[in-house]
Structures are given as structure tokens and as C-alpha cells.
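First the structure, in the form of C-alpha cells, and then the observations on it.
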């Protein structure tokens, strides 16, 4: 399964001083970038990266379960300071099958309605 994972710095986690900023970069940002590179090599992160101009990540994560996804996300050093949203992605083929089923249902209803209209 593939998931769109977006992590953005929570408002209360923003460093307030230069010293806090330096510590944040050294203790959270650099280790998170390293971890993301490792996860990319392991093909757990299959696309995405840091968002330009903000302290945020947008990642496509490959995971077999919610538990595995949770392990990937919580392994990021910056995770406790982030607000995280996760969206399960479907495949284009699965979406096509789903839409085909809806199309057939709509066609069937339309045929039934046409027959009812013809009888009147």
C-alpha cells in the first residue's frame, strides 16, 4: 500500500532563539534528512521530499500495513514536533475498476428509467 504522508512543523515547536534554532537543526533536521535517505534506499519512501520554503515533508511511503507505516513515520527524529496527516492512496487501475462499477450502475439505472419513460 502507498500512503501520502505530510509532516509540517507544529506552531509550538518552532525555535524561538538562535541557540534553539541551531539545536533544532542539529538534533532534528539533519538526523531526519539522514533517516529519510535511509528509508529511500530501503524503498520505504518511494517519492517526495522536503517542501520548499517550509519546515515540512511530503512523502509517498510504501508500507504493508498501518503498523509498518507508523514505524516509518515515528522513526523520523523530527516526528514528535510535527503535525502529521496520512492519506491512503489507491492505484490508477483500482480507481478505474471502481469507476467502471459506478458507470455500470448508472447505465443500468438509466436503462430502467428509459423503459419506465417509454411505458408512459
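The values are calculated or read from the model by the stated rules, or taken from the named source; none is laboratory data. Remember, it's a predicted structure, so these values are computed and weren't measured experimentally. Note that each Cβ is placed from the backbone with ideal geometry, even for glycine, and that neighbours are counted across all protein chains shown.
General observations
- Per-region count, segment 34-45, residues buried (at least 17 other Cβ atoms within 10 Å of the Cβ) and either in contact with a helix residue (DSSP H, G or I) (Cβ under 9 Å, 6 or more places away or on another chain) or not in a helix (DSSP H, G or I) (or both): 3
- Residue match in segment 90-103 (condition: within 20 Å of residue 1 (Cα to Cα) and in contact with a helix residue (DSSP H, G or I) (Cβ under 9 Å, 6 or more places away or on another chain)): yes
- Of all the residues in segment 72-85, those that are part of a helix (DSSP H, G or I) and within 19 Å of residue 25 (Cβ to Cβ) number 3.
- Residue in segment 81-98 that is more than 16 Å from the chain's Cα centre (by Cα), under 21 Å from residue 13 (Cα atoms) and at pLDDT 90 or above present: yes
- Among residues of segment 1-18 being touching a helix residue (DSSP H, G or I) at 6+ places or on another chain (Cβ under 9 Å) and farther than 19 Å from residue 51 by Cβ, the one that is surrounded by the most Cβ atoms within 10 Å (Cβ to Cβ) is 1.
- Residue in segment 111-118 that is within 16 Å of the chain's Cα centre (by Cα), farther than 12 Å from residue 5 by Cβ and without any contact (Cβ under 8 Å) to a residue 60 or more places away in the chain present: no
- Selection from segment 8-33 of residues that are assigned to a helix (DSSP H, G or I) and either within 19 Å of residue 84 (Cβ to Cβ) or in contact (Cβ under 8 Å) with a residue 24 or more places away in the chain (or both): 11, 12, 13, 24, 27, 28, 29, 31, 32, 33
- The lone exception for residue 26 - which of (1) farther than 20 Å from residue 90 by Cα; (2) modelled with pLDDT of 95 or more; (3) surrounded by 12 or more Cβ atoms within 10 Å (Cβ to Cβ) it fails: (3)
- When residue 103 is tested against (1) assigned to a helix (DSSP H, G or I); (2) farther than 20 Å from residue 38 by Cβ; (3) touching a strand residue (DSSP E or B) at 6+ places or on another chain (Cβ under 9 Å), only condition (3) is not met.
- Residues that are part of a loop (DSSP other than H, G, I, E, B) and surrounded by fewer than 15 Cβ atoms within 10 Å (Cβ to Cβ) were ranked within segment 51-71; the one that is farthest from the chain's Cα centre (by Cα) is 53.
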